[in-house]
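So the structure is just underneath, and the comments pick up after that.
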Amino acid sequence: MSNKDVWIAFTKNRPLEGCGIDFDGCEFYFTDICVPIEATPDKLVALGDIIEMVKCSLEESRLELVDISMLVRYKNGEWKTNTDSFNDINALAVKAGQSGKIVLSSFRSEEIEELQTYRHSIIESDYE
């Protein structure tokens, strides 16, 4: 990755009038949004700025942000995906970091979201 930190927002969103992804009439849709941020040692990351970028990105797709269930910093090598889904969060985060542009996963309906499970494990970096 370049000198961009990537933050991932796991979002719940409401379709607005004119939304093109309202494919099954759900009240809510879910997506993971990878947000690249300039990384400098002397600059603190403002989570409010990241959230505002998420909102603007969703508004372009005519979606209203309802909730962010999790907002985490991505570090390459610390994430493992156990799925055959084309929404590999690692690939999406790397793409965001390299391009410097916000990258969204595909949108999921409420029914599909209920089938998704995210589990996070912490491992010491010097652990063999």
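The values are calculated or read from the model by the stated rules, or taken from the named source; none is laboratory data. None of these values were measured; they are calculated from a predicted model. Positions of Cβ are backbone-derived with ideal geometry, glycine not excepted, and every protein chain shown enters the neighbour counts.
Which strands (runs of 3 or more DSSP E) does the range 1-115 wholly contain that include 3 or more residues that are charged (D, E, K, R)? Counting at least 3 such residues, we get 4-15, 63-74. Flag set for Y29, criterion: surrounded by 11 or more Cβ atoms within 10 Å (Cβ to Cβ) and farther than 14 Å from D5 by Cβ. Taking the range 6-21 as the range and being touching a Phe, Trp or Tyr at 6+ places or on another chain (Cβ under 8 Å) and either surrounded by fewer than 22 Cβ atoms within 10 Å (Cβ to Cβ) or within 15 Å of K75 (Cα to Cα) (or both) as the test, the residues that pass are V6, W7, I8, F10, K12, R14, P15, I21.
If you go through the range 65-88 and keep only what is surrounded by 14 or more Cβ atoms within 10 Å (Cβ to Cβ), under 30 Å from G25 (Cβ atoms) and modelled with pLDDT under 85, you end up with N87, D88.
Taking the criterion of being surrounded by 12 or more Cβ atoms within 10 Å (Cβ to Cβ), farther than 18 Å from D5 by Cα and within 12 Å of the chain's Cα centre (by Cα), would at least one residue in the range 96-103 satisfy it? No, the range 96-103 contains no residue that is surrounded by 12 or more Cβ atoms within 10 Å (Cβ to Cβ), farther than 18 Å from D5 by Cα and within 12 Å of the chain's Cα centre (by Cα).
When A93, A39 are checked against the criterion of being modelled with pLDDT under 95, under 13 Å from I8 (Cα atoms) and not charged (D, E, K, R), a single residue qualifies: A93.
Applying the criterion of being surrounded by fewer than 14 Cβ atoms within 10 Å (Cβ to Cβ) and closer than 21 Å to P15 by Cβ to the residues of the range 42-63, the residue that is modelled with the lowest pLDDT is E60.
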